[in-house]
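To keep things clear, I will list the structure first and then write my remarks on it.
The values are calculated or read from the model by the stated rules, or taken from the named source; none is laboratory data. Not measured: the values here are computed from a predicted model. Because the Cβ atoms are built from the backbone with ideal geometry, glycine has one as well, and the counts that use them run over all protein chains shown. To get the accessible areas, we keep the full protein, side chains included, count just its heavy atoms, and leave off ligands, DNA and RNA. Shrake-Rupley method; radii C 1.70, N 1.55, O 1.52, S 1.80 Å.
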Amino acid sequence: MACDQGPGSSVGFIFRTMQKNIIAAVADNMAIGRDNELLWHISADMKYFRRVTMGCPIIMGYKTWLSIGRPLPGRRNIVITKSHFDAPESVVQVPDVASAFAAAEEVQVNAAAAQEIQATAAQCSAGQCFIIGGAKTYERTLAQADKLYITHVHTSVPDADAFFPAIDPAVWTLQSETPPETDPENGLQYSFAVYVRK
């Protein structure tokens, strides 16, 4: 990792090789969404997502951005879109996956913005980025991903219209998986799994 910030300069750039992660909650039939919305609300999964991604750049497609409706705090929000849209200045808009990864790797530090410096420090220590959806973005980034954080939700959703790509056992090794737990609100069983590329 190298940082170049000249004397008296308030702006510098930090470059590093990022670990590219995908994070998703996936049903047994690989469903992840319907009508641009999540299929379930599992409080433990939401907390897991926040804990795992906090301080790291997150990459998403435009539809995922619309479904969230706001920047997720404590993370650099990078949205892949062909058309510019109204969003806070903190949201980075890029035209394709390559540009998204470049934006995640290049962190611009503005010495006049204390919050940005704090976020940058967290990102540098993390050394990784997360792709958070949706289906097309997962498909376009899977071949470049180093690790998958998958919440397996043990149900099938036949009327879903968005699906996660197949996790090929010839490509991915299951590194860890928690014992199944049951959400007290909806009764769904889930487990947290991490896959690494072979």
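Taking segment 66-90 on its own, how many of its residues are outside any loop (DSSP other than H, G, I, E, B) and not aliphatic (A, V, I, L, M)? Give the derivation first.
Going through segment 66-90, the residues outside any loop (DSSP other than H, G, I, E, B) turn out to be 66-68, 77-80.
Subsequent filtering for residues that are not aliphatic (A, V, I, L, M) retains 67, 77.
So the count comes out to 2.
Filtering segment 163-193 to residues that are closer than 12 Å to ALA25 by Cα, open to solvent by less than 60 Å² (accessible area, probe 1.4 Å) and assigned to a strand (DSSP E or B) leaves TYR190, SER191, PHE192, ALA193.
Of ALA103, ALA119, ALA111, all but one fail to be at pLDDT below 95 and in contact with a Ser or Thr (Cβ under 8 Å, 6 or more places away or on another chain); the exception is ALA111.
Conditions (1) at pLDDT below 95; (2) assigned to a strand (DSSP E or B); (3) under 18 Å from the mean Cα position of the chain (by Cα); (4) among the aliphatic types (A, V, I, L, M), marked per residue:
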position	(1), (2), (3), (4)
PHE13	yes, yes, no, no
ALA24	no, yes, yes, yes
ILE32	no, yes, yes, yes
LYS47	no, no, yes, no
CYS56	yes, no, yes, no
MET60	no, yes, yes, yes
THR64	no, no, yes, no
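Pairs linking a residue in segment 56-70 that is farther than 15 Å from ASP96 by Cβ to a residue that is assigned to a helix (DSSP H, G or I), with Cβ atoms under 8 Å and 6 or more positions apart or on different chains, are CYS56/ALA122; CYS56/GLN123; CYS56/ALA126; PRO57/ALA103; PRO57/ALA104; PRO57/GLN123; THR64/THR137. Hey, among the residues in segment 65-98 that are surrounded by fewer than 12 Cβ atoms within 10 Å (Cβ to Cβ) and touching a strand residue (DSSP E or B) at 6+ places or on another chain (Cβ under 8 Å), which one's farthest from LYS47 (Cα to Cα)? Result: HIS84.
Consider ILE150 carefully, then state whether it is open to solvent by less than 30 Å² (accessible area, probe 1.4 Å), modelled with pLDDT of 95 or more, over 11 Å from the mean Cα position of the chain (by Cα) and not basic (Lys, Arg).
Values: open to solvent by less than 30 Å² (accessible area, probe 1.4 Å): yes; modelled with pLDDT of 95 or more: yes; over 11 Å from the mean Cα position of the chain (by Cα): yes; not basic (Lys, Arg): yes.
Judged against the criteria, ILE150 is a match.
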